[in-house]
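See below for the structure under consideration.
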Amino acid sequence: MSSDLRQALERAILSGMSLEEVVAILRQYKAQGVTRDEVYSLLDALRATAPNEAADDRILEVSDYVAGFCSPHMNVWDE
């Protein structure tokens, strides 16, 4: 995953963007060939540097969508 994609996802998560908008970004990444594992690695790195508990909670929430622990219509990566 390029650094531009990483920065865009980090900004989206930490800015309070809606989950629907974050999922739309994740779908764009998938379309560009970014794997679920790459996104997980990024989310782990973001958690390690989360500025506060609210940011950590948000990162975990996005992780659920990456994992598929969400409504079927919000799923990004197929099993």
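The values are calculated or read from the model by the stated rules, or taken from the named source; none is laboratory data. Remember, predicted model here, so these are calculated numbers, not experimental data. Cβ placement follows ideal geometry from the backbone for every residue including glycine, while neighbour counts extend to all protein chains displayed.
Six or more apart or on different chains, Cβ under 7 Å: which pairs go from a residue in the stretch 9-26 that's in contact (Cβ under 8 Å) with a residue 12 or more places away in the chain to one that's among the basic types (Lys, Arg) and surrounded by 18 or more Cβ atoms within 10 Å (Cβ to Cβ)? Could you list them?
Ile13/Arg58
Is at least one residue of the stretch 59-68 at positive phi and modelled with pLDDT under 95?
Within the stretch 59-68 (the criterion being at positive phi and modelled with pLDDT under 95), the answer is yes, since at least one residue qualifies.
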